[in-house]
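*Asks:* Before I ask anything, here is the structure I am working with.
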Amino acid sequence: PIANNGFLNVRTYVRHQGEPGIYFLTEWMNNSFSVRLGPWTFGLPYRFGELNYEHHHENGNLSGTVRETIHGPSFKYEGELAKANFGRCPAGSLDEFLLERYTAFTAHKTKRRFFRIWHRPWAQQAIQISVSDVRLLEKVWPWFADATLIGANYSPGARDVWMGRPHRVDD
């Protein structure tokens, strides 16, 4: 029941005791069971969302809308792929830094944890997108109104992603 989920995650990049990782600020998901289970088991900041993704990379067309309620604020984007040319991130590149992280640090209430993630390197490519609505993100973080888009990547998805059990973060 939790293996396949649509999601939109907003994350930042952290380092704890010299180990690089990601820290999820929040993640909208369309699976209510995962939304209830994620914070409790992994400390993940899940929120339920209505996700409408129209990703047709074979035609070069990508678009999506995410919102928490039918008439609530949304996050909306459109993008194009000149041609589907997916590959691994070049070694040492910014894309590799941003996409290939295999440790996640989380916090839920008073529990701080981390867990490991295993998967093959993402098949991805940089894309051009335009974001037409960020009100969903501004609702959670008012400072997002001043954010600037600097890039985007698209992946057709990944299979066989494994998440290890959570461990307590020691100071």
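*Asks:* For Val140, state whether it is without any contact (Cβ under 8 Å) to a residue 60 or more places away in the chain and either charged (D, E, K, R) or within 21 Å of Leu25 (Cα to Cα) (or both).
*Replies:* On the way: without any contact (Cβ under 8 Å) to a residue 60 or more places away in the chain: no; either charged (D, E, K, R) or within 21 Å of Leu25 (Cα to Cα) (or both): yes.
Criteria not met by Val140.
*Asks:* In addition: Under 8 Å between Cβ atoms, at least 6 apart or on separate chains: pull out the pairs that start in segment 70-85 with a residue that is more than 19 Å from Phe144 (Cβ to Cβ) and without any contact (Cβ under 8 Å) to a residue 60 or more places away in the chain and end on any residue that is open to solvent by 100 Å² or more (accessible area, probe 1.4 Å) and β-branched (Val, Ile, Thr).
*Replies:* Matching pairs, first to second residue: none at all.
*Asks:* Another question about this same structure. I'd like the residue in segment 106-150 that is part of a strand (DSSP E or B) and of a type in the set (Phe, Trp, Tyr) and, out of all such residues, is surrounded by the most Cβ atoms within 10 Å (Cβ to Cβ). Give the derivation first.
*Replies:* Let us first name the residues in segment 106-150 that are part of a strand (DSSP E or B), namely 106-108, 111-118, 124-133.
Filter once more, keeping what is of a type in the set (Phe, Trp, Tyr): 114-115, 118.
On the way: Phe114: 21, Phe115: 19, Trp118: 10.
The extreme case among them is Phe114.
*Asks:* Is it true that Thr26 is among the β-branched types (Val, Ile, Thr), closer than 19 Å to Arg113 by Cβ and either over 12 Å from the mean Cα position of the chain (by Cα) or open to solvent by 40 Å² or more (accessible area, probe 1.4 Å) (or both)? Please lay out each step first, then the result.
*Replies:* Numbers: among the β-branched types (Val, Ile, Thr): yes; closer than 19 Å to Arg113 by Cβ: yes; either over 12 Å from the mean Cα position of the chain (by Cα) or open to solvent by 40 Å² or more (accessible area, probe 1.4 Å) (or both): no.
Spelling it out, it is not the case that Thr26 is among the β-branched types (Val, Ile, Thr), closer than 19 Å to Arg113 by Cβ and either over 12 Å from the mean Cα position of the chain (by Cα) or open to solvent by 40 Å² or more (accessible area, probe 1.4 Å) (or both).
*Asks:* Kindly indicate which of Glu58, Glu50, Glu96 is out of contact with any helix residue (DSSP H, G or I) (no Cβ under 9 Å at 6 or more places or on another chain), under 18 Å from Gly157 (Cα atoms) and open to solvent by 80 Å² or more (accessible area, probe 1.4 Å). Even if it seems obvious, please write down each step before you answer.
*Replies:* Working: Glu50 fails: under 18 Å from Gly157 (Cα atoms); Glu96 fails: open to solvent by 80 Å² or more (accessible area, probe 1.4 Å).
The match here is Glu58.
*Asks:* Kindly provide the set of residues from segment 30-47 that are touching a helix residue (DSSP H, G or I) at 6+ places or on another chain (Cβ under 6 Å) and of a type in the set (Ser, Thr, Tyr), ordered by number.
*Replies:* From segment 30-47, those touching a helix residue (DSSP H, G or I) at 6+ places or on another chain (Cβ under 6 Å) are 44, 46; that's our starting set.
Residue satisfying the conditions is Tyr46 alone.
The values are calculated or read from the model by the stated rules, or taken from the named source; none is laboratory data. Keep in mind that what you see is a predicted model, and the values were worked out from it rather than measured. In this analysis, Cβ positions are derived from the backbone assuming ideal geometry, glycine residues included, and neighbour counts consider all displayed protein chains. Remember, those area values only see protein heavy atoms, side chains included, never the ligands or the DNA or RNA. Shrake-Rupley method; radii C 1.70, N 1.55, O 1.52, S 1.80 Å.
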